[in-house]
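Below you'll find the structure, written out as structure tokens, and then a few comments.
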Amino acid sequence: MKHRLTDFLRAPCSQCGHKRHGSCAAFSDAELTEELSRLPAKKATGLDGIANELLVRLGERGRRRLLNPLNP
């Protein structure tokens with residue numbers, strides 16, 4: 001994970017010219033679904049009390065509700 005983050009931070013963004021003043025493009029439903037599928041199962045909940053299994057099994061409406069605060 002550390003290497004992926006380092007590579008991401010080094011890679012120039014074609015939309016913002018590597019200024020990174022925030023998010024360049026809104027998260028899509030497909031991107032959210034892909035990232036949720038990478039969550040490890042059978043892990044303890046975090047401070048928010050939400051289990052990964054719940055996030056992975058969100059329906060379309062739940063994913064939209066999750067994307068709303070991420071895409072202002």
Quiz item: Restricting attention to the range 27-72, which residues are in a loop (DSSP other than H, G, I, E, B), modelled with pLDDT under 90 and surrounded by 11 or more Cβ atoms within 10 Å (Cβ to Cβ)?
Solution: F27, S28, T45, N71
Exercise. Would you be able to say whether some residue in the range 46-60 is under 15 Å from the mean Cα position of the chain (by Cα), on the phi < 0 side of the Ramachandran plot and in contact (Cβ under 8 Å) with a residue 24 or more places away in the chain?
Key: no
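The values are calculated or read from the model by the stated rules, or taken from the named source; none is laboratory data. Please read these numbers as outputs of a predicted model, since none were measured by experiment. Backbone-built Cβ (ideal geometry, glycine too); neighbour counts: all protein chains shown.
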